[in-house]
1. Just round it to a whole percent: the fraction of Cα-Cα distances in the chain exceeding 29 Å.
2. Cα centroids of the stretch 113-156 and the stretch 20-57: how far apart, whole angstrom?
3. Suppose R0 equals 30 Å. What FRET efficiency, 1/(1 + (r/R0)^6) with r the Cβ-Cβ distance, do Y15 and Y110 give to the nearest 0.05?
4. Where Rh denotes the Kirkwood radius from the mean inverse Cα pair distance, what is Rg over Rh for the stretch 215-281?
5. Output the relative contact order of the chain, whole-number percent, from Cα pairs under 8 angstrom with separation of 6+ residues.
6. At R0 = 22 Å, how high is the FRET efficiency between Q223 and K164 if r is their beta carbon distance? Nearest 0.05 is fine.
7. What would the Debye formula give as log10 I(q)/I(0) at q = 0.15 Å⁻¹ for the alpha-carbon point model of the stretch 61-162, no solvent?
8. Any idea how far apart D98 and N140 come out in nm if each label point goes 7 Å out from Cα toward Cβ?
Amino acid sequence: MIANLNETKKILAKYDLQAKKKFGQNFLIDSNIINKIIEESKIDKNCGVIEIGPGIGSLTEKLSESAKKVLCYEIDEDMIEILKDNIKTNNVKIIKQDFLKADLSKELDYFSDCENIKVVSNLPYYITTPIIFKLLEEKNEINDFYFMVQKEVGQRLTGKKNSKDYNSLSVAIDFQANARICFFVERNCFYPAPNVDSVIINIQKEQKNYDIDNQKDFLRFVQNIFQLRRKTFVNNVSSQYHINKEEVIKLLEKRGYKPTIRSEELSTAEIVTLYKDFLLTNE
Ligand code: SAM
């Protein structure tokens, strides 16, 4: 079993390596956490799993025992060598590539005999958000994701209306998925221990029929209305677009909102409605 402190140190020493900060390498050393991830993600022998950043294989080992097939993307050549030596099962395919540059559609045939495909990863924290949005944007049947992320990022990704964690990221996720925190993970479950605690989050992609033609434009609007956090919706919209405050107030009042409302008081569906009204006045 790889997932413990001694074994992790031993493997790194054997290959004369240290964890690389530039690749966000913090290896899981707690087998209880790994078991909890497997349990939470309900992986079974019909399941295909994609893992981004397998590292020395602590999670990969357990994924390969529990799932039918595992496909890993790892950017660091040194890790590939370790994985090839240490993963003994024959249901793991390893691709040496920056996941952000990967064309997933080319690899999906690998999973043709699996009933479903999930993504389960202890993500490199420096690229958490781009990885998540890449997966959400892909047009394919993969829609169930379990990610280890930095606690504060996880709270923002799953933030709910009227909470301090609710922001443009929460809305951008909620617009196309349902997200929740599964459980907390302390920093000492990793080697080397990062400066922050972590959480496992689950994101399930869902088509929500908001009927928006230009999704990118909508997501830019979402970013703009949360731009200045202490400001009202009116101030954010009027400072980001060529529209005066009176017109924005009219938009709000038409829908029964007070002019002083802040963006964090609006749900995704409410923001969608206001965005559509905004497009009409801007035509
Ligand atoms: N899964 C291992 C574990 O839980 O112990 C390692 C997780 S570590 C937080 C992140 C891993 O992602 C590292 O192995 C790192 O080399 C890899 N990585 C970093 N950037 C990557 C990228 N752009 N594409 C693929 N893998 C990447």
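1. Tail of P(r) above 29 Å: 40 percent of Cα pairs.
2. With the stretch 113-156 and the stretch 20-57 each reduced to a Cα centre, they are spaced 12 Å.
3. 0.65
4. Result: Rg/Rh = 0.90.
5. Taking the mean separation of contacting Cα pairs over the length of the chain, I get 15 percent.
6. According to the calculation, E is roughly 0.75.
7. Rounded to two decimals, the profile gives -0.70.
8. 1.9
The values are calculated or read from the model by the stated rules, or taken from the named source; none is laboratory data. From a predicted model like this one, the values you see are computed outputs, not experimental measurements. Reconstructed Cβ throughout: ideal geometry from the backbone, glycine too, with neighbour counts over all protein chains shown. Areas reflect the complete protein model, heavy atoms only, side chains present, ligands, DNA and RNA absent. Shrake-Rupley method; radii C 1.70, N 1.55, O 1.52, S 1.80 Å.
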